[in-house]
Amino acid sequence: MKKQKGQALVEFALVLPLFLFLVFAIIYSGMFFHDYSTLSNIARSAARERAISGSGIDNETIKGYYFKNNTFTPSLITGLYHPADTNPFTIEGTDNIVVTITMQLGDSSYLMRVVLPEQYSIVYNMRKDYKEES
């Protein structure tokens, strides 16, 4: 009977790290996809704002609405990623508007770096159609 108790303890000790790795991988992957979805919506909203504003609102005003003090203003973004060091939020073009958001993984453990990408970019294109009035 004592050997069986020892066997269960050894099996538990072998399986627990793998189980915990999978649980944390699922949690951090969910946080990553939440951030990705939120930033995709920000990119779409910024492109739409630029497309419908015409020349009334400049790109810096739109950037300032979403991006202040080196962080994005929505509090829905988790703390895993932060804006990249070089030009993290760009809006280019007038007829074909391209919004690019680049995020970089923050200071984290090696385990998170195995599960999550080091850096990712969201690129959103919106074509601006002009209607001729007659």
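The values are calculated or read from the model by the stated rules, or taken from the named source; none is laboratory data. Bear in mind the structure is a predicted one, so any value in this text is a computation, not a measurement. With ligands, DNA and RNA removed, areas are computed over all heavy atoms of the protein, side chains included. Shrake-Rupley method; radii C 1.70, N 1.55, O 1.52, S 1.80 Å.
Across the stretch 97-134, what is the total count of residues that are among the β-branched types (Val, Ile, Thr) and either part of a helix (DSSP H, G or I) or modelled with pLDDT under 85 (or both)?
So the answer is 2.
Of the conditions (1) open to solvent by less than 60 Å² (accessible area, probe 1.4 Å); (2) at pLDDT 85 or above, Ile26 fails just one. Which one is it?
(1)
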